[in-house]
1. Along its three principal axes, how long is segment 24-177 when you only count alpha carbons? Whole Å, largest extent first please.
2. Order of M277, M100, M106 from fewest to most other C-beta atoms within 10 Å?
3. What is the pair-distance distribution P(r) of segment 65-117, computed from all Cα-Cα distances in 5 Å bins starting at 0, with each bin given as a whole percent?
4. If you filter segment 244-315 for chymotrypsin sites (Phe, Trp or Tyr not before Pro), then keep DSSP loop positions with at most 16 other Cβ within 10 Å, what is left?
5. Is segment 202-332 rounded, prolate or oblate when judged by the Cα gyration tensor, a ≥ b ≥ c being the square roots of its eigenvalues, rounded requiring a/c under 1.5 and prolate requiring a/b larger than b/c?
6. Let me have the relative contact order for segment 110-189, percent, based on Cα pairs under 8 Å that are six or more residues apart.
7. Name the long-range amide H neighbours of Q167: under 5 Å, sequence gap of 5 or more, or other chain; modelled H, no Pro or chain starts.
8. With a 10 Å Cβ neighbour count serving as the proxy for reagent exposure, in which order, fewest first, do C282, C292 appear?
Amino acid sequence: MPNATSGDYLPCLPSYSLTPLPSIVPGISDQLLALLLPIAAYWIVSIGFHILDVYDFGSQYRLHTPAEVLKRNHVSRGEVIRDVVLQQTIQTVFGLAIGMLDPVEMTGKQLYDIATWARRIRVLQSYIPKVLALLGVDAIELGKNLVPTHPTAAGLFLGGQYPHLTQDVIGADGQNVTMPAFGSGEIWAAQLIYWVLIPALQFGVAIFIVDTWQYFLHRAMHMNKWLYTTLHSRHHRLYVPYAFGALYNHPVEGFMLDTLGTGIAYLVTGMTTRQGMWFFTCSTIKTVDDHCGYAFPWDPLQHITSNNAAYHDVHHQSWGIKTNFSQPFFTFWDRILGTVWSGGDVSARYERTRIAAQKMMDEQSKGKESSIVNSAALDRRRALHQAAMSQQQVQEDEAHGGQRVVEEEQLEEREMRQMLRRSSRRKTGSFDPKSDGLWNLTGRMTNGLHGRSTAILHTDGRH
């Protein structure tokens, strides 16, 4: 039973006793579970996307063809898995070390904290008559008139005075004392604040911290030649990203970018271990989804924000490597600081291949609906400038291909232009086994990348 304090005019706060919080899974501490769940989520979600890759499910939503994965990437899948496991091991060891410094989480104070918020709500009600007086409303008189028929509404106009709401508590002398009580509306509002609004605010601030941390550190790794060639260039060996390559980084970069970023957000926002468990897991799933290589129209993670697989894929291309730095949640820093790709729907570099592939799709898909994505008006000068800057960084990274990577892409473009010219001379129904194989590949690429609306791709800078 609550204890009364002499002079109290507000409802009393309940007494409480603290006990250690039992773990969710018997035998596994919540601290350890918070480290293991993101790893489990990473591989479960990645394996799901890998199954789609292997069995060619949802190929119409792929951003790249299987041939591109094999031809354009400069690292084997085995090396990717090795480095991801290394980063996750470092992350787990660091988390366990920090967890040893944390005090044991206790439980039993929830009702007290909710009652504290209910008290604050009652105190705020005391300002209602003054606010209404500024508007020319006599709240006190209005409240008195409502007392017989609507006592709760009357109490609101009277500044939080509810004579009909009382409770018996033990006074300082050990005797029962009648004291004010909370209304059901006050308790409901306090529970909403405690269980929903505060956690939502913590998550929102944590997302802002992670996005800010990763944007500026990620951008610095592209602006500084030493940081790029020493650390970040490893991640960009994946010109065609796939799900389980999301955390393929240099170990130092992985620790700085991911482990420290989320750790700082967790500490600054004062999350509990279980809140951190959800936050770390959701951040991991979002990162995997951003590298999955698919633009699904029904994937909520690709539509809640404009930072999705299609948006981040631009950053992994040689012509867009110095744009679209934002990750993993929102794109506001790219937009504020002008680093969002300005080349349009996909890019000026993809326009020619898109048109050629679309013509072939029309020839091979008789009776099937096909359409060209309507591109936004392109700022060609800015797009070409961004592409030139990005290609320069790729050229300077001699350890991972350098000029050879750029030359390979230029060769691919020349081949596509030649195919386009040949297609204009080709007679209907003719068959060219040499070029038809390339056309089939191009058709699959277009079907996966461009056979959908801009609402799916979200690479035009609009959402």
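What follows is calculated from the coordinates using simple rules that are stated; it is not laboratory data. Predicted model, so just to flag it, every value in this text is computed and none were measured. As a convention, Cβ positions derive from the backbone with ideal geometry for all residues, glycine included, and neighbour counts pool all protein chains shown.
1. 81, 46, 26
2. Values: M277 20, M100 8, M106 11.
With the sparsest Cβ surroundings first, the list reads M100, M106, M277.
3. Final binned percentages: 4, 13, 11, 10, 10, 9, 10, 8, 6, 6, 7, 5, 1.
4. Working: sites: F244, Y248, F255, Y266, W278, F279, F280, Y294, W298, Y311; in loops: Y248, W298.
Passing sites in segment 244-315 are W298.
5. In terms of gyration-tensor shape, oblate.
6. Numbers: 82 pairs, mean separation 21.0, N = 80.
26 percent.
7. Placed amide hydrogens put M179, A181 under 5 Å from Q167.
8. Working: C282 17, C292 32.
Listing C282, C292 from fewest to most nearby Cβ atoms yields C282, C292.
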